[in-house]
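Comments concern the structure below.
The values are calculated or read from the model by the stated rules, or taken from the named source; none is laboratory data. These figures come from a predicted structure and were not determined experimentally. All Cβ positions, glycine included, derive from the backbone under ideal geometry; neighbour counts span all protein chains shown.
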Amino acid sequence: TLNLILDLAARGVGIRNLADPIKVDSSSPADPMAQLAVVLLALFAQMERTYSLERAAGARAAATAKGRRIGRPSVVDADKLAYATHLRDAGHTIAEIVTKSGITRTSLYRHLPPRPAEPLTAQDNRPSDRRALS
C-alpha cells in the first residue's frame with residue numbers, strides 16, 4: 001500500500017481519504033502530519049495482513065493436526081479408485097477404465113498410483129552367431 005502511494009506521489013498523484021475522520025492526504029508533501037498518517041495507516045494495513053496470514057496458517061495447522069482435510073473434497077472415492085486400479089492391472093486401456101469406472105481421464109491420471117517399474121532384461125534381438133557382427 002505504501003509503495004503504491006509513493007509511486008503515485010512520484011508521478012504527481014496524491015491520495016486523499018474523504019471517509020475517515022483522520023486527515024489522510026498525500027497530495028501535499030509539505031504537511032508532515034498527513035505524511036505520518038499515510039505511513040501509519042499503511043503500517044497498520046501491513047500488520048493486519050501479516051497477522052491474518054499467521055492466523056490462517058495456524059488454523060490450517062490445527063485442522064491438519066485434527067485430521068481434517070482442507071480444500072475441495074476429492075471427486076474420486078476409494079472404491080472407484082480400487083476398481084480403476086484393478087482394471088488397469090487386468091490390462092484394460094485408459095478409455096475403457098474411464099467408461100467403466102466413471103472417473104474422468106484427468107482425475108484418473110492424477111489419482112492412479114504409478115505402476116511398478118518393470119525390470120529390464122538382456123533379451124533383445126541379438127544374432128546368435130557372434131561372428132555375424134564382425
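Does A37 meet the test of being in contact with a Lys or Arg (Cβ under 9 Å, 6 or more places away or on another chain), farther than 30 Å from S107 by Cα and surrounded by 10 or more Cβ atoms within 10 Å (Cβ to Cβ)?
So A37 passes the test.
Kindly list, by first and then second residue, each pair from a residue in the range 42-69 that is over 22 Å from N3 (Cβ atoms) to a residue that is at pLDDT below 95, limited to pairs with Cβ atoms under 6 Å and residues at least 6 apart or on different chains.
R60/I70; A63/I70
Does at least one position in the range 77-89 carry a residue that is outside any loop (DSSP other than H, G, I, E, B) and at pLDDT below 85?
Looking for residues that are outside any loop (DSSP other than H, G, I, E, B) and at pLDDT below 85, one finds none in the range 77-89, hence no.
With the requirement that a residue be within 16 Å of L4 (Cβ to Cβ) and assigned to a helix (DSSP H, G or I), what does the range 25-36 give you?
Result: Q35, single match.
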